[in-house]
1. Just counting partner chain Cβ atoms within 10 Å, what average do the residues of peptide B:355-365 show around their Cβ?
2. State the antiparallel share, in %, of DSSP beta bridges confined to segment B:78-312, rounding to the nearest 5.
3. Sorted by accessible area with a 1.4 angstrom probe, largest first, how do B:Asp132, A:Asp3 fall?
4. Over the whole of A:118-129, what's the average partner chain Cβ count within 10 Å per residue? Rounded to a whole number, please.
5. Based on the Cβ-Cβ distance of B:Ala96 and B:Asp166, what FRET efficiency does E = 1/(1 + (r/R0)^6) give at R0 = 41 Å, to the nearest 0.05?
6. Excluding the sites themselves, what is the longest stretch of chain B that contains no trypsin sites (Lys or Arg not before Pro) in a DSSP loop with at most 15 other C-beta atoms within 10 Å?
7. Can you pull out the trypsin sites (Lys or Arg not before Pro) in segment A:16-114 whose DSSP state is coil and whose Cβ has at most 12 other Cβ atoms within 10 Å?
8. To the nearest Å, what is the center-to-center distance of segment B:228-307 and segment B:57-72, using C-alpha atoms only?
Amino acid sequence: MDDLRQLYQETILDHGRRPRNFGAMDDATHQADGYNPLCGDKVHLYLKVNDGVVEELKFEGQGCAISTSSASLMTEALKGRSVDEARDLFAQVHAMLTGKQLDDMAAELGKLAVFEGVKQYPLRVKCATLAWHTLENALAGGGEVAKTE
Amino acid sequence: MSTAGQKIDEVEAAVERLVSQSLADLRADFPALDQQVNGHPLAYLDNAATTHKPRQVIEAVANYYERDNSNVHRGVHELSQRATLAFEAAREKVRAFINAASKDEIVFTRGTTEAINLVANAWGGEGVAAGDEILITELEHHSNIVPWQMLAQRSGAVVKVAPINDAGELELEALADLLSPRTRMVALNYVSNTLGSINPVAEVVRLAHDAGALVLVDAAQATPHLAVDVQELGCDFLAFSGHKVYGPTGIGALFGRAELLEAMPPWQGGGDMIEQVSFSGSSYAHPPARFEAGTPNVAGVVGLGAAIDYLECAGIERVATHEHELLNYAEGRLREIPGLRIVGTAAEKTGAHSFVVEGVHPHDIGTVLDSFGVAIRAGHHCTQPLMERLGLVATARASFALYSNHDDVDRLIDALLKLTELFGDG
């Protein structure tokens, strides 16, 4: 049970149950779909980017506690950050999830550190990165809807 | 080397031991079941995905490679003869296992998926025209959907889908209404891999034949749990996989009625499937060789033969009774879990229970159970259209085999109680 609590931290369970910034956005400047065909998890991400700054983020979708809480915490972490900072943070999250050395100079993980336990579960890493890959596609695709498959 | 007489005595003794043993004792034949997973003894309840293999099957494969390894149907040397005899003896075992009229009606394939693709390509390659109809059901696995969609794309045929009710039972009347003079093939599973529903295949065959259509049965989830008799069912094609009946992966079989196979063109070209080859053209061998191009999975075939021997010694009726009792026991115990709902409540079920737990995604169920050594499947089970029909994204599924027991079910229940503790409102 202790190992499990390491994975399913209270913050993860909380955001899994009650995701923040959940819902549609009418005036999004960027959006993308994320889809994991292996497990069926889906996320649709909306961004409002103004002058290189991510002002608003919202998401919709269905997924496990890890993927839902990851999307929820990502939207909280990125609000008000520049697009470059958002990409840096993804690199940090990715390094943490795959057990790589973190870049001390890069952005602080803050609350996102709760996902560190996921690295012990290689099959679940994709759950935690789904929202982030979708973010990357949304930023790369401008106003277009991108697919991650 | 033992003499032939000693060998027969040994085999008879082994059969006697298997037949006289209780099913509970047979569990010891499966080495993979005897291991710790995440600090707990393994409770393996993912048998619909694949079953574990008894020592007898593992040894048959090892013996083949250690003594008889050779190519089949060619070469006059001793090893080639042994390999060919073992290969063709296994074909006879498969014939008897599903009660086909002739062993020429048994084609070895990589598994159920390849068998269905073979029919969709070879049978479907001739005479399926634009506007013809293929009828499948909402219960189908992707392997019994996609090959027909591909055929439809090539030929202009149309794929129609017979509905189920909310319990997960096929709506026979609706299926009958969907049959038309244009229906060429009805393709359905015998047992749903996701819900465990048993389809009334014999009745579907009657309806389909009355409408002039052929019937292909995906029996991948039936052969482990039910006595399958192609003559009694009256079906035209039937496919199953070795690895779901305690045999190796990468081997399965297609049954096709002799006159249908005889009329079908080859699917793949190569060695073993020809009569004569010249640069001006080639003529093809008779079935089943026509559909077995290239060096086959001989070790897999030998292993499948050993698996069928094993299952028949265990007694398919005895296995069915045991698994039915276990399915009922599991149903009662699953209902003890707060917030749990069993998905698929057909009157006739075998092999598996799918379920969902309120507020917990099936993948989280799978991970939590795994941490207690309980292996189940979580996901869409390669039945995304069925999930959509049921209004679900995924389910958790516990599935049983002849070696499953009450302890496995109790372990599942204990782990589910831990899950509700962990995910309970905090």
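1. That average works out to 5.
2. Taking every DSSP beta bridge with both residues in segment B:78-312, the antiparallel ones total about 50 percent.
3. In descending accessible area the options line up as A:Asp3, B:Asp132.
4. If you average over the peptide's residues, the count of other-chain Cβ atoms is 1.
5. Efficiency for this residue pair is about 0.60.
6. B:75-334
7. Counting only loop positions with at most 12 other Cβ atoms within 10 Å, the trypsin sites (Lys or Arg not before Pro) in segment A:16-114 are A:Lys100.
8. After rounding, the separation between the Cα centres reads 20 Å.
The values are calculated or read from the model by the stated rules, or taken from the named source; none is laboratory data. What you are looking at is a predicted structure, and each value in this text was computed from that prediction instead of being measured. Heads up, the Cβs are rebuilt from the backbone with ideal geometry, glycines too, and the neighbour counts pull from every protein chain shown. Ligands, DNA and RNA are excluded from the accessible area calculation, which covers all protein heavy atoms including side chains. Shrake-Rupley method; radii C 1.70, N 1.55, O 1.52, S 1.80 Å.
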